[in-house]
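Written below as structure tokens is the structure these notes are about.
The values are calculated or read from the model by the stated rules, or taken from the named source; none is laboratory data. Because the structure is predicted, anything quoted here is derived from the model rather than measured. In this analysis, Cβ positions are derived from the backbone assuming ideal geometry, glycine residues included, and neighbour counts consider all displayed protein chains. What goes into the accessible areas is simple: the full protein's heavy atoms, side chains included, and nothing from ligands, DNA or RNA. Shrake-Rupley method; radii C 1.70, N 1.55, O 1.52, S 1.80 Å.
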Amino acid sequence: MVVTLPEPQGKQREVIYLPGQGHCVVLGTAGSGKTTMAVHRARYLAGAPGLGGPTLLVTFNRALVTYLRSIGAHGRNLTVENYHTFARGYLRYATNQHVVICDFKDSLVEKALAEVRAVAGQRAVASRPLGFFLDELHWMAGHGLTEETAYINGARRVGRGTPLAPADRAVVYEVYRRYVALRDQAGHTQDWDELASNALARLKVDSTPRRYRHVVVDEGQDFTPEMIRSLAAAIPPNGSLTFFGDYAQQIYGSLMSWRSLGLVVPNRPVEFEQNYRNSRQVARLALAVSEMPHFRDVVDLVQPKAPQADGPKPTVIRVARKEQQIQRAAEYANALAADRQVAVLMRTRDHEKVLLQHLDKRHRITRVHKQLVGWPQGPGVFYGTYFAAKGLEFDSVILPLCDSDELPKLSEIEAHGLEEAKAREARQLYVAVTRPRTELVIIHSGTMTELLPSELSDLFTRLGP
């Protein structure tokens, strides 16, 4: 079953018919209909007389690909893929070879780090946890800065609260160098992070006709600069790339901007402030979250306008013990799922098995994840992570484990420091808070996370002791 794609409203119609040649950037707040506009834009570009041609609608999240297809992103000349499927497919076509990707990067980086610590232990940065180095290597690859001099001396590292000194960058680069050597020994020439740079390098020398005339990017704030650069290189001179994004929902670091992506936009980006998804009460909370100190370094932030739709205030529930939170979340989901779509979202997947034990199996239950092959319609319970829910919407959303010792995650604090961890985790939580149309339930047992406004504010209805 396919859901009828909502008709564009007001200025949304203009986006569909933006020029069909060159680069276009559309920025919008959560709930402003970016995904709806992206699908309409892609369908138009695929079939417009004279202008139309093969079109790629690309996003980062594979679960969102399934959702996009369910709301009408399909048809002649229209392909819907996540970025890594596109890049891997292109390289396979361009080289006529199977593209092997290293799937055990974490373990190789961990081994490389152990080797570096044995000789560079005197530098404090060498004692940072594995997550710090994985994040830094991801940033290097995502920005195409894996050459030693460019990384150590030339790169302005955005998205880190305290910049690394060149001597510390040298330690990081040595970890990267040893990781690459270990990966080569294992018979792998690339990992998922480097796929974009390899696709871009190939596209720069590829003179064959392009497969797609148009590319439409949904949830573009999650793409690395190298991903966007490769997509821009994948269109012909008479083609177009349309970028839809919301930097309040950016998950990889901060201080990023569409301006760093290599796009040439002759005019200002189109901005959408109107929130069509959330009730006025949910939108007020989302706005309050975006105005907290953790969002101080967001660039290209579109300030939302409060919607007119009315609903209940977000509810904060305090239970006595942390282990009761998952059960209480399941109870609420079971009560709501008879006539609406309700999602239980958590920061990680650690508690999903426990949640599943408490969900009523008489309801349709869907785990939102990258292997999802179809998008169920009608009432039911969905569950997954904040990240897996990006771009999706539900009637009701329940967020357990919103305690101060859960958000930000300890692993994020250890890897990035407290302030940067707050900034990163606040964006994840913002994604979750903006998923419901009308009803939001937040559950905690100790002190509620400081990534949300005080539970004593007038933004919430409070239940429990």
Yes or no: the stretch 249-261 includes at least one residue that is over 26 Å from residue 420 (Cβ atoms) and out of contact with any strand residue (DSSP E or B) (no Cβ under 8 Å at 6 or more places or on another chain). no
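Table: residues versus (1) closer than 20 Å to residue 6 by Cα; (2) touching a helix residue (DSSP H, G or I) at 6+ places or on another chain (Cβ under 7 Å); (3) open to solvent by less than 20 Å² (accessible area, probe 1.4 Å).
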site: 80; (1), (2), (3): yes, yes, yes
site: 85; (1), (2), (3): no, no, no
site: 88; (1), (2), (3): no, yes, no
site: 93; (1), (2), (3): no, no, no
site: 106; (1), (2), (3): no, yes, no
site: 116; (1), (2), (3): no, yes, yes
Only residues that are modelled with pLDDT of 80 or more, more than 15 Å from the chain's Cα centre (by Cα) and within 18 Å of residue 18 (Cα to Cα): list them for the stretch 245-274, please. 263, 264, 265, 266, 268, 269, 270, 271, 272
Output the residues belonging to the stretch 333-351 that are out of contact with any Ser or Thr (no Cβ under 9 Å at 6 or more places or on another chain), under 27 Å from residue 426 (Cα atoms) and surrounded by fewer than 23 Cβ atoms within 10 Å (Cβ to Cβ). 350, 351
Among residues of the stretch 19-60 being of a type in the set (Val, Ile, Thr) and assigned to a strand (DSSP E or B), the residue surrounded by the fewest Cβ atoms within 10 Å (Cβ to Cβ) is 25
Subset of the stretch 308-341 [assigned to a loop (DSSP other than H, G, I, E, B), of a type in the set (A, V, I, L, M), farther than 19 Å from residue 281 by Cα and in contact (Cβ under 8 Å) with a residue 60 or more places away in the chain]: 319, 320
Could you please find all residues in the stretch 352-370 being closer than 16 Å to residue 441 by Cβ and assigned to a loop (DSSP other than H, G, I, E, B)? 359
May I ask you to list the residues in the stretch 371-389 that are surrounded by 14 or more Cβ atoms within 10 Å (Cβ to Cβ), within 23 Å of the chain's Cα centre (by Cα) and assigned to a loop (DSSP other than H, G, I, E, B)? 372, 375, 376, 386
Can you name the condition, by its number, that residue 100 falls short on among (1) modelled with pLDDT under 95; (2) in contact with a Phe, Trp or Tyr (Cβ under 9 Å, 6 or more places away or on another chain); (3) of a type in the set (Val, Ile, Thr)? (2)
Restricting the stretch 3-18 to residues that are open to solvent by 80 Å² or more (accessible area, probe 1.4 Å) and not acidic (Asp, Glu), the one modelled with the lowest pLDDT turns out to be 4
Determine which member of the set 90, 67, 83 is modelled with pLDDT under 95, more than 28 Å from residue 174 (Cβ to Cβ) and of a type in the set (Phe, Trp, Tyr). 67
All but one of (1) part of a loop (DSSP other than H, G, I, E, B); (2) touching a residue at least 60 places away in the same chain (Cβ under 8 Å) hold for residue 14, so report the exception by its number. (1)
Just name the residue that is most open to solvent (accessible area, probe 1.4 Å) out of those in the stretch 405-440 that are under 20 Å from residue 126 (Cα atoms) and either acidic (Asp, Glu) or in contact with a Cys (Cβ under 7 Å, 6 or more places away or on another chain) (or both). 414
What are the residues in the stretch 446-465 that are among the small types (Gly, Ala, Ser) and either surrounded by 23 or more Cβ atoms within 10 Å (Cβ to Cβ) or without any contact (Cβ under 8 Å) to a residue 24 or more places away in the chain (or both), if any? 454
Within the stretch 352-370, residues under 22 Å from the mean Cα position of the chain (by Cα) and either open to solvent by 30 Å² or more (accessible area, probe 1.4 Å) or of a type in the set (A, V, I, L, M, F, W, C) (or both) come out as 367, 368, 369, 370
Would you tally the residues in the stretch 98-150 being more than 18 Å from residue 196 (Cβ to Cβ) and out of contact with any Ser or Thr (no Cβ under 8 Å at 6 or more places or on another chain)? 28
Within the stretch 115-122, does at least one residue satisfy the condition of being modelled with pLDDT under 95, out of contact with any strand residue (DSSP E or B) (no Cβ under 8 Å at 6 or more places or on another chain) and under 17 Å from residue 214 (Cβ atoms)? no
